[in-house]
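Let me begin by presenting the structure, written as structure tokens, before commenting on it.
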């Protein structure tokens, strides 16, 4: 028995680019293989017009749509449900840099562009696109915008939302909103751009974006520092901001346990210190528009003042580009090191800087009281209050037994985050994985407003159904 929707999609795109849902293969599951779905069809359009035509066919044949980029997300936001109704739209063929305007410092890229491709295009024109994260070699711009990605340079440049001036979006009816304006001032009505960014494909399909570019720094200095407490780390951040001003590009926090695990899982790793005898470390990066010697002198002066104020116990400055890259590799290898050791419970959270030490201390006490022996691997982007608060199994406990306690353990973490004025999702989104947690931490009014927005822009729930907001919850 043939499916009229699949037949229509083949007529539109050809058999090579429109296939039965089973052809999606690994795209039917999330990155960590926690969720598995089925699809009615798998399509790979090459243009915004084709995406819009696919959506119109889904409207005509009562289908729904799940859009995918690199499928590197961690919240199962791009995984279809098990109803078999979904058409998976992969934007991998939409990977063109449409325009690069150095006078306006903007770049227009399609949603299927790999993030690293966008970075290199900007660098080729003597500009910087500063969005940077561990998956930048495989994640796509559309996914970055769909989750309002953060990464390591948020401290200076902001999240994906702050780096975007305009969007091109396919609506739930298959219309195309042409909003690729490269304007930094445009107060002509509701800000649709910011509504679509971070909506995880539930309100519209982002097909292209106009992005902000910045001057390329002429010099960079990287340093690792060690300190005794998170209170000192927060104070050091304030001191570095005052000393470096906008030049402070990165301030990445990591515990000694994280650094030790990287060294264990990556033989040959050279740590910045001979001994990890302090509980906390941070990687600082200064991006400078003077010469390298000036940048080094500034870093040494600011860190010297931090030593005098008792904020830093030890410091190690990169003496070459290779050493700087090695320092960043330590940070970038943290997630992989945890994966090699075995699955753990990951929590992407954010907190006011003033509450971070209290949260970490309180939560550790609560977890050890209820789950004795669990191991804490805490790292993240201290500059914007974003922690990756990960919990590994006690020594000797099978990983499967530990992961079976996921809901109970995560409830302790999320309740503590909420009590300390934080968010249970900082940069990974909500997707399906955290959807049912929202009613515990958001007010009924906020959830009602979200449902009303979803209903207004997607009244028939065709776009990524079941993600972010539960429409079946009481109104």
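The values are calculated or read from the model by the stated rules, or taken from the named source; none is laboratory data. Small disclaimer: the values here were computed from a predicted structure and weren't measured. So basically every Cβ, Gly included, is an ideal-geometry build from the backbone, and we count neighbours across all protein chains shown.
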Would you call residue 105 touching a residue at least 40 places away in the same chain (Cβ under 8 Å), crowded, with 17+ Cβ neighbours inside 10 Å, in the same structural domain as residue 142 (by TED's automatic domain parsing) and farther than 17 Å from residue 140 by Cα?
-> yes
From the residues in segment 55-77 that are in contact with a strand residue (DSSP E or B) (Cβ under 7 Å, 6 or more places away or on another chain) and at pLDDT 95 or above, which one is surrounded by the fewest Cβ atoms within 10 Å (Cβ to Cβ)?
-> 63
Report whether or not residue 473 is modelled with pLDDT of 95 or more, more than 25 Å from residue 57 (Cα to Cα) and either surrounded by fewer than 15 Cβ atoms within 10 Å (Cβ to Cβ) or not assigned by TED's automatic domain parsing to the domain that holds residue 201 (or both).
-> no
Restricting the search to segment 33-77, which residues are touching a helix residue (DSSP H, G or I) at 6+ places or on another chain (Cβ under 9 Å) and in a helix (DSSP H, G or I)?
-> 50, 53, 54, 57, 58, 60
Does segment 332-340 contain any residue that is surrounded by 16 or more Cβ atoms within 10 Å (Cβ to Cβ), under 22 Å from the mean Cα position of the chain (by Cα), under 24 Å from residue 414 (Cβ atoms) and modelled with pLDDT of 95 or more?
-> no
Residue list for segment 158-173, restricted to those being out of contact with any strand residue (DSSP E or B) (no Cβ under 7 Å at 6 or more places or on another chain) and assigned to a helix (DSSP H, G or I) | 160, 161, 162
Kindly establish whether residue 290 is on the phi > 0 side of the Ramachandran plot and part of a loop (DSSP other than H, G, I, E, B).
-> no
Give 236, 253, 216, 284 a once-over and let me know the one that is in contact with a strand residue (DSSP E or B) (Cβ under 9 Å, 6 or more places away or on another chain) and surrounded by fewer than 22 Cβ atoms within 10 Å (Cβ to Cβ).
-> 216
Could you tell me which numbered condition residue 231 fails, if it satisfies all but one of (1) surrounded by fewer than 22 Cβ atoms within 10 Å (Cβ to Cβ); (2) in contact (Cβ under 8 Å) with a residue 60 or more places away in the chain; (3) within 29 Å of residue 68 (Cα to Cα)?
-> (3)
Could you pull out the residue among 367, 284, 298 that is part of a strand (DSSP E or B) and touching a helix residue (DSSP H, G or I) at 6+ places or on another chain (Cβ under 8 Å)?
-> 284
Condition met for residue 148 (in a loop (DSSP other than H, G, I, E, B), at pLDDT 95 or above and farther than 30 Å from residue 449 by Cβ) = no
Single condition residue 208 does not satisfy, out of (1) in a strand (DSSP E or B); (2) over 30 Å from residue 90 (Cα atoms); (3) under 22 Å from the mean Cα position of the chain (by Cα) | (2)
What number of residues in segment 416-453 are part of a helix (DSSP H, G or I) and under 29 Å from residue 387 (Cβ atoms)?
-> 18
Inspect segment 83-102 for any residue being more than 21 Å from residue 169 (Cα to Cα), in contact with a strand residue (DSSP E or B) (Cβ under 8 Å, 6 or more places away or on another chain) and not assigned by TED's automatic domain parsing to the domain that holds residue 198 and give the result as yes or no.
-> yes
Just for segment 268-279: of the residues that are under 28 Å from the mean Cα position of the chain (by Cα) and surrounded by fewer than 17 Cβ atoms within 10 Å (Cβ to Cβ), which one is farthest from residue 326 (Cα to Cα)?
-> 279
Given the structure, is residue 383 crowded, with 22+ Cβ neighbours inside 10 Å, in a loop (DSSP other than H, G, I, E, B) and in contact with a helix residue (DSSP H, G or I) (Cβ under 8 Å, 6 or more places away or on another chain)?
-> no
Filtered residues of segment 1-38 (kept if more than 30 Å from residue 336 (Cα to Cα) and within 29 Å of the chain's Cα centre (by Cα)) = 17, 21
